[in-house]
Amino acid sequence: MLYPAPSFTHSLSDIYAVDRATRSGDVVIIDTRSPKEFNGLDNRANKSGHIPGAINFDWINTLDLIEGGKLRSSQEILACLEKRGILPHQKIILYCQTNRRSSHAFVVLRWLGFNDISTYPGAWEQWGNSDWTKVKI
C-alpha cells in the first residue's frame, strides 16, 4: 500500500522549524528518547531535559520485547500514542538524541497512516548543545 507524501516540504525539520513549532501550537513535537533522557536524568548534551512542549513517546514502545523485539500490533501502538494525545491527523516533528530512534518512529508512524511527519536530524545533540535554545525539565 502506498501512502501519500507528507505535506511538509521535506521530511526533515531544522532547528529553526522546531523552534517555531514550540510556539505555534499547531505541531506536535515528539521526543522518542527514554523517559530518563526526557526528564533530564540521563544527560547526553550540555543541557538536559527536552524541547519545550514535547511529548515523550519512547521509541521502544513500538516493540514487543517479550516477543524478541518484534513490532507491536498497529492497534497496540495506536492506543499507546492516543493515550499521549498523539493522533494521525496532527502535524508531527520527531526527534531523539541523534535521529536514529526517531527515524524508526517515523517509519512506524507512516505505517500507521500518519502523513504529516517530519524528523529533526539535528536532534537533541544539536538542541541540547545550542546556546540559544530553551529546554524544559
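A few comments on the model shown:
- You will find that of Asp19, Asp26, Asp64, the residue that is touching a Ser or Thr at 6+ places or on another chain (Cβ under 9 Å) and at pLDDT below 95 is Asp64 and no other.
- Leu87 satisfies every condition listed in (1) within 16 Å of Ala17 (Cα to Cα); (2) part of a loop (DSSP other than H, G, I, E, B) except (1).
- Scan of segment 80-93 for residues that are open to solvent by 60 Å² or more (accessible area, probe 1.4 Å) and within 19 Å of Pro35 (Cα to Cα), ordered by number: Glu82, Lys83, Arg84
- Here Asp42 meets the list (1) out of contact with any Gly (no Cβ under 8 Å at 6 or more places or on another chain); (2) buried (at least 17 other Cβ atoms within 10 Å of the Cβ) almost entirely, failing just condition (2).
- Test: residue in segment 59-66 that is in contact with a Gly (Cβ under 7 Å, 6 or more places away or on another chain) and open to solvent by 40 Å² or more (accessible area, probe 1.4 Å): no
- Members of segment 94-107 found to be among the hydrophobic types (A, V, I, L, M, F, W, C) and either closer than 19 Å to Arg44 by Cα or surrounded by 21 or more Cβ atoms within 10 Å (Cβ to Cβ) (or both), listed by number: Leu94, Cys96, Ala105, Phe106
- Flag if Ser11 is touching a strand residue (DSSP E or B) at 6+ places or on another chain (Cβ under 7 Å), surrounded by fewer than 18 Cβ atoms within 10 Å (Cβ to Cβ) and touching a residue at least 24 places away in the same chain (Cβ under 8 Å): yes
- Qualifying residue in segment 121-130 (condition: under 24 Å from Ser24 (Cα atoms), open to solvent by less than 60 Å² (accessible area, probe 1.4 Å) and touching a Pro at 6+ places or on another chain (Cβ under 9 Å)): no
- Whichever residue in segment 50-63 is in contact (Cβ under 8 Å) with a residue 12 or more places away in the chain and outside any loop (DSSP other than H, G, I, E, B) and, among such residues, is nearest to Asp19 (Cα to Cα): His50
- Some residue of segment 67-74 being surrounded by fewer than 11 Cβ atoms within 10 Å (Cβ to Cβ) and within 23 Å of Gly122 (Cα to Cα): no
The values are calculated or read from the model by the stated rules, or taken from the named source; none is laboratory data. All values reported here derive from a predicted model rather than from experimental measurement. All Cβ positions, even for glycine, are placed from backbone atoms using ideal geometry, and neighbour counts span all protein chains on display. Remember, those area values only see protein heavy atoms, side chains included, never the ligands or the DNA or RNA. Shrake-Rupley method; radii C 1.70, N 1.55, O 1.52, S 1.80 Å.
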